[in-house]
Amino acid sequence: GASCRGPCSPQPWTLPVVRKPLRALLEQQRLVFVATALLASDDSCCRQRGAILVEAMADKDSAFQSEKLWGNSQVFCAGRLISGPDGRSAVATFLMVLVPSVVWQAAVGTWYTERHGAIFALFAGVLAVASLMLLFATAFSDPGIMPRQKDYSEQRDLATGLNRTKQPARYYDIILRGHPTKLKYCVTCNIYRPPRCTHCSVCENCVERFDHHCPWIGNCVGKRNYWLFYSFVTSTGCLNAYSLITAGSLLAIRGQEIRLEQGRDTTSAFVETMRQEPVTAALSIYCTLLVWFTVGLCMYHSYLIMTNQTTYEQIKGLYSSGGNPFHRGSAAANCCDVLGAPVRPRYFDGATGQLCWPKVSMDGLRDKLSAAPEQRNTAARRPSGAATP
């Protein structure tokens, strides 16, 4: 580029490369001073290069922050899907729902369709599709990840204008709805965790209204995807119970028919039924082993919703002695609060790695630096005795 006079160097213009975090901090401070000098210059070429430098600083600042917004979570499909580091376990869970559903349709659904119509098979198909779709949505959704911030040593104290040299206090006391509450400082994410926010040791993220990290879906369950998780558990429990009841009923009806047609006793009729319907018998055993877990999990989370607790809070016994500041006064109000509250947008864009809201940019610095030469010229033209507006 062409050279210019004043604060600009006559050498060809090159932008420094941001490398390591500490070096990046020092480099950014130096660039701020350079940009201020360029924008305050009377030369138009210098001011233009100062504006270019501010834009480059904004881009580099965004790229630097994007490396620290989340921990071990994996991002897919241009940032639309987010899962935990063990997201592959969702594939096993997907097969545990899909395979029995297909077997049920082939062995049990066809039997009911021949005798009673397609309503039984259709209902089971709706439950299976709902369960699989909710599983996918829960496993690949943002549970409420709180974006990480820069280390305290890389930030400036707004009150003093100096770099921070001391880590913030470990706890910060507040009064939440009349209840004393401690906000804990996360040394990994460099933030004070909001109430009910907990750091997941698997995903290495602070998650809003953290419930638990589910190994069956390979993702955290938190504020943004809890309603999806509860819907998945409910639909899967209903599918499991429905499959067990219908398969058991088929075996009971076939056993009764064999006993009457062949004149067998109950034991021999049962053995013959198992021999003629081995797939249905195996499916019944499979559903019996799982129904206690799926239905029990659905009932457990229904209790948590009606009392407005999370799994983490209930296991820790945080409100065992009463005094839950999040209880809405009734089970219905708690259900509306947990399942009916609007889901906020993501804090960050998984594709670009930049914050979405509150948006962090260099707009404030750009406006401040751009206004510097105008303020200087205004002050120079103002009479010495004029009052400052």
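The values are calculated or read from the model by the stated rules, or taken from the named source; none is laboratory data. Because the structure is predicted, anything quoted here is derived from the model rather than measured. Here the Cβ positions follow ideal geometry from the backbone for every residue, glycine too, while neighbour counts run over all protein chains shown. Note: accessible area is taken over every heavy atom of the protein model, side chains too, but ligands, DNA and RNA are not part of it. Shrake-Rupley method; radii C 1.70, N 1.55, O 1.52, S 1.80 Å.
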Using the basic label-point model (7 angstrom from Cα toward the beta carbon), what is the Gln48 to Ala106 distance in nanometres? 7.2
Subtracting the Cα-Cα distance from 0.36 nm times the residue separation, let me have the gained length for Lys182 to Leu339 in nm, one decimal. 53.9 nm
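Calculate, for the stretch 63-123, the solvent-accessible area per residue in square angstrom, rolling a 1.4 angstrom probe over the heavy atoms of the protein chains.
55
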How much of the accessible area of the stretch 166-265, in percent, comes from carbon and sulfur atoms when a 1.4 Å probe is used? 59
Taking only the alpha-carbon positions of the stretch 266-357 as identical scatterers, the Debye log10 I(q)/I(0) at q = 0.14, 0.19 Å⁻¹ comes out as -0.76, -0.95
In Å and from the alpha-carbon atoms only, list the Rg and Dmax of the stretch 194-253. 16.9, 57
What FRET efficiency comes out for Ala331 versus Ile174 if R0 is 35 angstrom and r is the Cβ-Cβ distance? Round to the nearest 0.05. 0.80
How many angstrom separate the Cα center of the stretch 112-143 from the Cα center of the stretch 197-245? 18
Too long for a 20 Å Cα-Cα cut-off, among Lys150/Lys223; Lys150/Lys182; Lys182/Lys316; Lys184/Lys316; Lys150/Lys316, are Lys150/Lys223; Lys150/Lys182; Lys150/Lys316
For Thr198, which sequence-distant residues (separation of 5 or more, or a different chain) have an amide H within less than 5 Å of its own amide H, given hydrogens modelled in the peptide plane? Val207, Arg209, Phe210
Mind ordering 280-287, 338-345 by average Cβ neighbours within 10 Å, highest first? 280-287, 338-345
For the stretch 233-312, what is the Kirkwood hydrodynamic radius in Å, using each pair of distinct C-alpha atoms? 14.3
His116, His327, ranked by accessible area, largest first (probe 1.4 Å): His116, His327
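Listed highest first by mean packing, meaning other Cβ atoms within 10 Å per residue, what order do 164-171, 288-295 come in? Please report the intermediate quantities before stating the final value.
On the way: 164-171: 11.1, 288-295: 15.1.
Ranked by mean Cβ neighbours within 10 Å, highest first: 288-295, 164-171.
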At 7 Å along Cα-to-Cβ for each site, give me the label-to-label distance between Lys316 and Glu257 in nm. 5.7
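Determine the per residue accessible area of the stretch 127-271 with all protein chains present and a 1.4 angstrom probe, expressed in square angstrom.
Details: 6980 Å² over 145 residues.
Each residue of the stretch 127-271 exposes 48 Å² on average to a 1.4 Å probe.
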Stretch Val126-Phe76 to full length: gain in nm at 0.36 nm per residue minus the Cα-Cα span? 15.3 nm
What residues qualify as long-range amide H neighbours of Ile191, i.e. H under 5 Å apart, gap of 5 or more or another chain, H built at 1.01 Å from N? Cys186
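Could I get the Rg over Rh figure for the stretch 67-169? Both from C-alpha atoms, Rh via Kirkwood, rounded to two places.
On the way: Rg = 24.1 Å, Rh = 17.9 Å.
Ratio value, two decimals: 1.35.
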Using a simple spin-label model with points 7 Å from Cα along the Cα→Cβ vector, what separation in nm is obtained for Ile285 and Arg115? 2.3
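I'd like the projected area of the stretch 97-237, averaged over all directions, using the convex hull of its alpha carbons. Report it in nm² with one decimal.
Working: hull surface 47.2 nm².
Projected area, direction-averaged: 11.8 nm².
Sorted by mean Cβ packing within 10 Å, highest first, what order do the peptides 234-242, 329-337, 317-325 take? It would help to have the intermediate numbers written out before the result.
Numbers: 234-242: 21.7, 329-337: 13.2, 317-325: 11.7.
The packing order, highest mean first, is 234-242, 329-337, 317-325.
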Mind checking the alpha-carbon convex hull of the stretch 179-222 and giving the volume per residue in Å³? 61
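When the chain is fully extended, how far beyond the present Cα-Cα distance does Cys356 get from Thr267, taking 0.36 nm per residue of separation?
Working: separation 89, 0.36 × 89 = 32.04 nm, distance 6.67 nm.
Between Cys356 and Thr267, full extension yields 25.4 nm more.
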